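Here's the structure, in structure tokens; my notes come after.
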Amino acid sequence: MNRYGNTKKKIDKDGKIVYSTTYYPPIPIEDADAFIRTVFGTRIDMLAHEYYGDVSLWWIIASSNNHQRASLYPTPGAQIRIPASKEQAISLYNKINSSR
């Protein structure tokens, strides 16, 4: 998945291509979601690789845990929710970014 696939591009005053803001959707909690406790060195992108097979889907885990602007390293001992349905998250992402 290209994270910027639905993000609109525009040309700035200097003629450079720039991306519009990318918005991350709230991801509803589901019974099938996994919850883990982090340890020192846990990285959100590596969790995405482990659970989804794709490090670029880090934003699903970050959005689910209000870590969009935080470090890829959550606090050791923190509980992290891993949404079960990456497809639902991607669909919500595409919907919110294609309509802007």
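The values are calculated or read from the model by the stated rules, or taken from the named source; none is laboratory data. This one's a predicted model, so the numbers in the text were calculated from it and none came from an experiment. Methodologically, a virtual Cβ is constructed for each residue, glycine included, from the backbone with ideal geometry; neighbour enumeration extends over all protein chains shown. Keep in mind that these areas ignore ligands, DNA and RNA; they rest on the heavy atoms of the full protein, side chains included. Shrake-Rupley method; radii C 1.70, N 1.55, O 1.52, S 1.80 Å.
What to note about this one:
- Set SER64, SER71: member being within 14 Å of the chain's Cα centre (by Cα) and in contact (Cβ under 8 Å) with a residue 24 or more places away in the chain: SER64
- Tabulated pairs, the range 15-34, first open to solvent by 50 Å² or more (accessible area, probe 1.4 Å), second in a loop (DSSP other than H, G, I, E, B) and among the aliphatic types (A, V, I, L, M), C-beta under 9 angstrom, 6+ apart or interchain: GLU30/ALA84; ASP31/ALA84; ALA32/ALA84
Matching residues to (1) at pLDDT 95 or above; (2) touching a Phe, Trp or Tyr at 6+ places or on another chain (Cβ under 8 Å); (3) open to solvent by less than 70 Å² (accessible area, probe 1.4 Å):
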position: GLY5; (1), (2), (3): no, no, yes
position: GLU50; (1), (2), (3): yes, no, no
position: ASP54; (1), (2), (3): no, no, yes
position: LEU57; (1), (2), (3): no, no, yes
position: ASN65; (1), (2), (3): no, no, yes
position: ARG69; (1), (2), (3): no, no, no
position: PRO83; (1), (2), (3): yes, no, yes
position: ILE96; (1), (2), (3): no, yes, yes
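- Matching entry among TYR73, TYR23 (being out of contact with any helix residue (DSSP H, G or I) (no Cβ under 7 Å at 6 or more places or on another chain) and on the phi < 0 side of the Ramachandran plot): TYR73
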